[in-house]
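Written below as structure tokens is the structure these notes are about.
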């Protein structure tokens, strides 16, 4: 297994990911701030990290594989957040993913009218800030910190082999 310091870092990432998801749902459902599609996609890596870290502690084998999955998960999180931040700041144009609700469903006239009557949240609009920062900009920093931490853990694990 890992040493105590590594276990601590994994538990912190697990707990932080859990808190991030709970906070996102609280901001959406209790405070009433509607997320854009990219905001919803940015939640996926945190859910995946919870499952991956749970698997690390449950299976107690293949640590390298699970650590690489975690690193890739947060690289994806960083990339999506960076792209979203670029849209917020006007560096990138909004893509079609920002307006699409569901690609798998066929749309009837009634569904289309319902969607037009709903307020669609643009990926450019920041509806919630913490200390003046958008949640996307905070997610960039968190993802980068997790990538660096997990790379250090992976390198330390590789040196022990």
Being closer than 15 Å to residue 39 by Cβ and assigned to a helix (DSSP H, G or I) narrows it down to one of 75, 87, so name that one. 87
Out of 31, 10, 68, 48, report the one residue that is in contact (Cβ under 8 Å) with a residue 60 or more places away in the chain and either closer than 27 Å to residue 126 by Cβ or touching a strand residue (DSSP E or B) at 6+ places or on another chain (Cβ under 9 Å) (or both). 31
When you look at residue 56, is it assigned to a helix (DSSP H, G or I), surrounded by 13 or more Cβ atoms within 10 Å (Cβ to Cβ) and modelled with pLDDT under 95, yes or no? yes
For residue 87, the lone unmet condition from (1) over 16 Å from residue 141 (Cβ atoms); (2) at pLDDT 90 or above; (3) out of contact with any helix residue (DSSP H, G or I) (no Cβ under 6 Å at 6 or more places or on another chain); (4) surrounded by 17 or more Cβ atoms within 10 Å (Cβ to Cβ) is (2)
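The values are calculated or read from the model by the stated rules, or taken from the named source; none is laboratory data. The structure displayed is predicted, hence computed values, not measured ones. Glycine also receives a Cβ, built like all others from the backbone with ideal geometry; neighbour counts cover every protein chain displayed.
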